[in-house]
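Written below as structure tokens is the structure these notes are about.
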Amino acid sequence: MSDPRPIGVFDSGVGGLSVWREIARQLPRENIICLADQAHVPYGSRRLAEVRALSESITRFLLAQEAKIIVVACNTASAAALHHLRRTFPSVLFVGMEPAIKPAVERTDNGVVGVIATQATFQGKLFASLVERYAGNVRVLTQTCPGLVEAVEAGALNTPETKSLLQKYLTPLVEAGVDQLVLGCTHYPFLRPSIEQVIGASVAVIDPASAVARQTARVLTQRGIKANQGQKACRVFYTSGDAANFAAMIERLLPLSGKDVEARAVRWRAGRIYLAS
Ligand code: DGL
């Protein structure tokens, strides 16, 4: 049996695309719908309760488009809302993101790892519980990075301003001796070349996107709801921001050409999302 219903993916903005590309690579036959809530980006400086309410409404929208599983491709929304979403929608399958503390702890040689993420991600209970469960004797250094999400949204991946922000945030971690750097926000993988320039070859970068895609595949297989042979995958990208700008960013950030990118606008009204007419 082949289940053609789409995988629903969401984030505050273009960060979800770093998870999207892994899902599309590992599950090329799946239809995927991806929503970027660019009307509210960044989520990282918002109150957890607000991110929870936004995440719940986005989930309702994706379910209305028949999503068979929801991938919360946003560390901030996962930290703020995953627990709430699972309670609110008990029959819906969710896959969330969490900062990859466990692999970082397993791989470190010198016992010092760094995590970069938004303020909201570090505030959620999820982060504290990961550190408590996995860190053991390993030192986990955290760093928020105000301005980086905005830089990625603006397409400023390689500008002097973005590089100097990276210098400012990452140099203290390097000087403290981290040998693993966890990308705890789905926007950051698009800065990876610049990040690697700043931290040098002796620090390994960990991006959990491929593990999240593997987990998505595992859940679909266990439930018997994968899409199989014989269909051409359809990929639709929704944004609550400007659809033309979003389409241009998708083309820039993903291995997709314009003809394969269908970007549609959605609008928020009274706390709900509607397709823009
Ligand atoms: N990409 C998101 C994350 O993984 C959200 C960043 C933001 O909107 O502040 O945390």
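A short reminder: the numbers here are calculations on the coordinates, not readings from a lab. Quick caveat, the model's predicted, so the values are computed rather than measured. For neighbour counting, all protein chains shown are included, and Cβ atoms are generated from backbone atoms with ideal geometry for every residue, glycine included.
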> Could you give the distance between the Cα centres of the range 163-213 and the range 25-91, to the whole Å?
Replying inline: 25 Å
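Have a look at the DSSP beta bridges in the chain and tell me what percent are antiparallel, nearest 5. Each step should come with its number before you reach the end.
Details: 4 of 37 bridges.
Roughly 10 percent of the beta bridges in the chain run antiparallel, per DSSP.
Can you flag which of LYS163/LYS232; LYS68/LYS125; LYS68/LYS163; LYS226/LYS259; LYS102/LYS168 are past 32 Å Cα-Cα?
On the way: LYS163/LYS232 40 Å; LYS68/LYS125 27 Å; LYS68/LYS163 39 Å; LYS226/LYS259 26 Å; LYS102/LYS168 26 Å.
Result: LYS163/LYS232; LYS68/LYS163 exceed 32 Å.
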> Distance in nm between label sites at ASN245 and SER202, each 7 Å beyond Cα in the beta-carbon direction?
Replying inline: 4.1 nm
> How about the range 49-153: which GluC sites (Glu not before Pro) there are in a DSSP loop, with at most 14 other Cβ atoms within 10 Å of their Cβ?
Replying inline: GLU66
>> Can you tell me how the range 112-174 classifies by the Cα gyration tensor, rounded, prolate or oblate, using a/c under 1.5 as the rounded cut?
In response: oblate
>> For a test of the definition: using alpha carbon positions, the gyration tensor, and the 1.5 limit on a/c, classify the range 6-110 as rounded, prolate or oblate.
In response: oblate
> To the nearest 10 degrees, how steep is helix 209-223 against the longest Cα principal axis of the chain, on a 0 to 90 scale?
Replying inline: 40 degrees
> Under a point spin-label approximation (7 Å from Cα along Cα-to-Cβ), what is the LYS232-ALA176 distance to one decimal in nm?
Replying inline: 5.1 nm
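FRET efficiency for SER91 and SER257, Cβ-Cβ distance as r, R0 = 45 Å, nearest 0.05?
Working: r = 38 Å, r/R0 = 0.83.
Efficiency, rounded to the nearest 0.05: 0.75.
With the cut-off at 1.5 for a/c, could you classify the chain from its C-alpha gyration tensor as rounded, prolate or oblate? The partial results should precede the final answer.
On the way: a/c = 1.58, a/b = 1.41, b/c = 1.12.
Since a/c reaches 1.5 and a/b is larger than b/c, the shape of the chain is classed as prolate.
Net charge within 13 Å of ALA248 by Cβ-Cβ distance, Lys/Arg positive one each and Asp/Glu negative one each, not counting ALA248 itself? Display every interim value, and only then the final one.
Numbers: positive: ARG252; negative: GLU153, ASP242, GLU251.
Computed value for this residue: -2.
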